[in-house]
1. Can you tell me the accessible area per residue over segment 2-129, all protein chains present, probe 1.4 angstrom, in square angstrom?
2. Kindly write out, for segment 35-43 in residue order, the coupling ³J(HN,Hα) from the Karplus curve 6.51 cos²θ - 1.76 cosθ + 1.60 (θ = phi - 60°), rounded to whole Hz, with x marking Gly and Pro.
3. Could you tell me the calculated FRET efficiency between Phe232 and Trp13, based on Cβ-Cβ distance and R0 = 25 angstrom, to the nearest 0.05?
4. Applying the Karplus parametrisation 6.51 cos²θ - 1.76 cosθ + 1.60 with θ = phi - 60° to the phi angles of segment 206-214, what ³J(HN,Hα) value in whole Hz is obtained for each residue in order, glycine and proline being reported as x?
5. Once the whole set of protein chains is in place, how much accessible area is left on Asp15, using a 1.4 Å probe, in Å² to the nearest 10?
6. For Glu270, Glu311, Glu204, give the ranking by accessible area with the largest first, probe 1.4 Å.
7. Would you pull out the residues with amide H under 5 Å of Phe174's amide H, same chain only if 5 or more places away, H placed 1.01 Å from N?
8. Over every pair of different alpha-carbon atoms in segment 1-115, take the mean of 1/r and invert it; report that Kirkwood radius in Å.
Amino acid sequence: MVELHDRKKPAKWPDLIGRCIVSLILVLLTQSTQFLVPHFFSDLSFFIQLLLSAMMLLTVASAAGWCRRLLRVRSSAPAFVFFSVLFVWLVYIAFVRQDASLLMNLLFNGQIILLIFGLCRMLFSDPGLVSHNPSPSDAIPQSLVLEIDTHHQDIGLGDRLRCCPICKTYVKGFDHHCPAFGNCIGHKNYVLFMVLLFGFIWTEATYITCLSQYSAESELLDGDGARLEVNFSRKVARSTMLFSILQLVWQVAFFSWHVYCICFNIRTDEWIHWKRYPEFQIVVQSEQGQRSSEMKFRNPYDKGILQNVKEFMVSKQ
Ligand SMILES: [Zn+2]
């Protein structure tokens, strides 16, 4: 549904504006289809509505990807995230704010402003770039190989230089390329990434709490006599609640995975592609003196949870 950030070719302004407009249309399309669930299936249980919302999201994502390829238009993943945050904020201001306490209002508005600030900061942060491959192909020029080799000798394997397959860029302590934040995640911005991810989880949780209060209030109003306006705002609120819960589920899962990575000092790319990196391999001879041997995984960077977490905390330099 969304396009990956390409570091090799910085987009020009007209192209960038075009991608942002496509992302805005995608956000409006996603939120409109989410609205259909409480509109047509309000009698079903909340869990079933949640499942329908998830199915709707997947359908829209596939259909949008297909249309995008057909029309040959590109979108921007960070712009999609930005407009989604903005949409939720607008729904909050329009409907939910009136029933929230002053403290909740201050908290939620502050969180959204911090999120937007964090998103911008992440977009332009340095993940720990070393050099990048200017050629359009996947092949690494000989000069760059020499440069990386020399660098490895200078700084040692501890720097864990890996190549981002999207940006064709070498990044210290590379974890993964995050399309949603439009950047590689590496040694220098891993802490910022975790803080931002936690910020998203906290904001979504606050929003869901506010929405629960709002739903209860509008339920009371509805009891006095159904009003079209209340009905509409309640459905919009309910659809953004379903969307937020789905976001929260995958964000918590993603955050938990990264907590595991930090505790055991392994990066996502290393965990998936450990067979590419010799330091993660250990050859074990099979029993009974047979000639065959098998390759097993071992993590040479794991120094115990406490030390690993300590290293992570000082990694942002
Ligand atoms: Zn990248």
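1. 59 Å²
2. These are the phi-based 3J(HN,Hα) values: 5, 4, 5, x, 6, 9, 10, 5, 7 Hz.
3. Here the calculated transfer efficiency is 0.10.
4. Couplings: 4, 4, 5, 4, 4, 5, 4, 5, 4 Hz.
5. Asp15 exposes around 60 Å² with every protein chain in place.
6. Glu311, Glu204, Glu270
7. Placed amide hydrogens put Arg162, His187 under 5 Å from Phe174.
8. Mean inverse Cα-Cα distance, inverted, gives 16.2 Å.
The values are calculated or read from the model by the stated rules, or taken from the named source; none is laboratory data. Computed from a predicted model, the values in this text were never measured in an experiment. Positions of Cβ are backbone-derived with ideal geometry, glycine not excepted, and every protein chain shown enters the neighbour counts. Remember, those area values only see protein heavy atoms, side chains included, never the ligands or the DNA or RNA. Shrake-Rupley method; radii C 1.70, N 1.55, O 1.52, S 1.80 Å.
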